[in-house]
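Read through the structure below, which is laid out as structure tokens, and then see the notes.
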Amino acid sequence: MERSIEKQKLSAVLGQTVKTGIIKSNLVPMFAGLTLALYTYDIEPGDKLMDILFVLIGTILVIGAAGTFNNIYDRDIDAIMERTKVRPTVTGDINIRTALWLGILMGVLGLVALAFTTPLAALLGFLGLFFYVVPYTMLTKRRTIYNTEVGSISGAMPPLIGWAAMTGSIAHPAAAALFIIQVIWQMPHFYAIAIRRHDEYKAARIPMLPVVKGIKRTYTQTNAYLVLLSLTSFLFLPLSLGLTLVALLLNVGWLVLSIYGYKKNKDSEKWAKLLFIYSLFHMTILFATVIVYSLVGIFILK
């Protein structure tokens with residue numbers, strides 16, 4: 001019984017250190033890029049089974065490494081925020097040196113795994129890791145309201161990694177579409193989080209947009225990005241009218257919800273909660289649709 005409890009505790013500590021929630025959420029867009037590349041280039045999935053395994057392992061490890069390095073660097077501000085003060089790097093449940101070696105090991109092994117698919121996949125994995133740790137975590141998160149825009153670059157790498165692992169190239173409009181959509185999606189998503197955690201970010205002196213510029217500016221900027229996101233729907237048009245319509249419906253729905261929810265709810269936190277929940281459904285439905293569309297094309301319509 002005691003060993004079982006210890007194993008559960010160790011698993012929980014490691015999971016919080018590497019941010020398993022972020023890992024899981026990023027695997028969906030990675031597989032969207034992977035399956036869409038297989039369908040677009042008429043690649044037989046059976047010929048790519050080892051590459052699929054390696055890109056899965058590599059993506060998990062690289063994202064886990066990024067999360068670990070972020071936890072190590074941010075442990076001072078994490079201790080101030082209610083949402084993050086229980087992280088193992090804050091509570092001391094994991095030794096910082098141990099966490100550092102864990103991050104290094106995961107990063108190296110993850111990039112090696114990606115390199116077994118294609119060199120470009122490994123390069124994109126490295127860029128995602130680098131942008132999250134250095135330009136975002138170390139250089140902009142505590143200094144500018146544009147930290148979200150900088151962090152969005154690393155957050156949009158998974159679909160490109162999946163695509164590159166199958167083809168060795170990302171020179172296709174569909175790959176660019178997935179990347180651009182993922183970049184823009186992150187702004188309204190994280191603005192909603194910043195509003196809901198406004199007081200915590202303020203206490204930690206993190207210059208999130210609603211903390212520095214206020215809710216009204218955040219509302220305006222959220223809608224501007226949602227208009228851009230709606231326009232990105234047409235990037236799917238050369239590939240599929242169906243995907244274009246699904247993306248357009250989801251994107252316009254988000255914009256309508258933002259405008260209507262803001263006018264109806266005087267409480268900005270309720271408005272932000274609506275946008276946050278919708279953003280999760282949006283990403284899951286859109287990329288799941290891409291995956292299903294690709295698999296149907298590969299296995300049924302081929």
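The values are calculated or read from the model by the stated rules, or taken from the named source; none is laboratory data. Note that the coordinates shown come from a computational prediction; the quantities given were computed from them, not determined experimentally. Note: ideal-geometry Cβ built from the backbone for every residue, glycine included; neighbour counts use all protein chains shown. When the accessible area is computed, the model is the full protein with side chains, heavy atoms only, and any ligands, DNA or RNA have been set aside. Shrake-Rupley method; radii C 1.70, N 1.55, O 1.52, S 1.80 Å.
With contacts defined as alpha carbon pairs under 8 Å and 6 or more residues apart, what's the relative contact order of the chain in percent? Relative contact order comes out at 20 percent.
Nothing charged except the Cβ atoms of Lys and Arg (+1) and of Asp and Glu (-1): what's the magnitude of the dipole of the chain about its Cα centre? Round to the nearest 20 debye.
Numbers: 27 positive and 16 negative charges, 231 e Å.
Taking the Cα centre of the chain as origin, the dipole is about 1120 debye.
Considering only ILE63, TYR219, GLY242, the residue lying farthest towards the positive end of the dipole of the chain is TYR219, judged by Cα position with unit charges set on Cβ. Between ARG143 and ASP47, the C-beta separation translates, for a Förster distance of 30 Å, into a calculated FRET efficiency of about 0.05.
The convex hull built on the alpha-carbon positions of segment 179-302 has an orientation-averaged projected area of 8.0 nm². Taking the empirical scaling 2.2 N^0.38 Å for compact globular proteins as reference, segment 1-135 has a Cα radius of gyration ratio of 1.18. Calculate the FRET efficiency for VAL108 and LEU228 from the Cβ-Cβ distance with a Förster distance of 45 Å, rounded to the nearest 0.05. For VAL108 and LEU228, the calculated efficiency is 0.75. Within the shell defined by Cβ-Cβ distances under 10 Å, the residues around LYS273 carry a net charge of 0, with Lys and Arg each +1 and Asp and Glu each -1. The length gained by stretching the chain between LYS202 and PHE116 to full extension, at 0.36 nm per residue less their Cα-Cα distance, is 26.6 nm. The label-point distance for ALA288 and VAL86, in a model that sets each label 7 Å from Cα toward Cβ, rounds to 2.7 nm.
Partner aspartates and glutamates whose Cα lies under 20 Å from the Cα of LYS141, excluding those fewer than 8 positions away in the same chain, are identified as ASP74, ASP76, ASP78, GLU82, GLU149, ASP199, GLU200.
Going by accessible surface with a 1.4 Å probe and the largest first, MET50, MET208 read MET50, MET208.
Approximating the spin labels as points 7 Å out from Cα along Cα→Cβ, the SER11-to-ILE57 distance works out to 2.1 nm. In terms of its C-alpha gyration tensor, the chain comes out oblate, because a/c is 1.5 or above while a/b does not outweigh b/c. Using the Cβ-Cβ distance between LYS216 and LEU241 with R0 set to 41 Å, the FRET efficiency works out to roughly 0.65. Membrane-span-like helices in the chain, defined purely by DSSP H runs whose alpha carbon atoms cover 27 Å or more axially and whose average Kyte-Doolittle hydropathy reaches 1.0, are 20-40, 49-73, 96-115, 173-196, 241-264, 268-299.
Pairs exceeding a 25 Å alpha-carbon distance, out of LYS85/LYS216; LYS213/LYS273; LYS19/LYS266: LYS85/LYS216; LYS19/LYS266.
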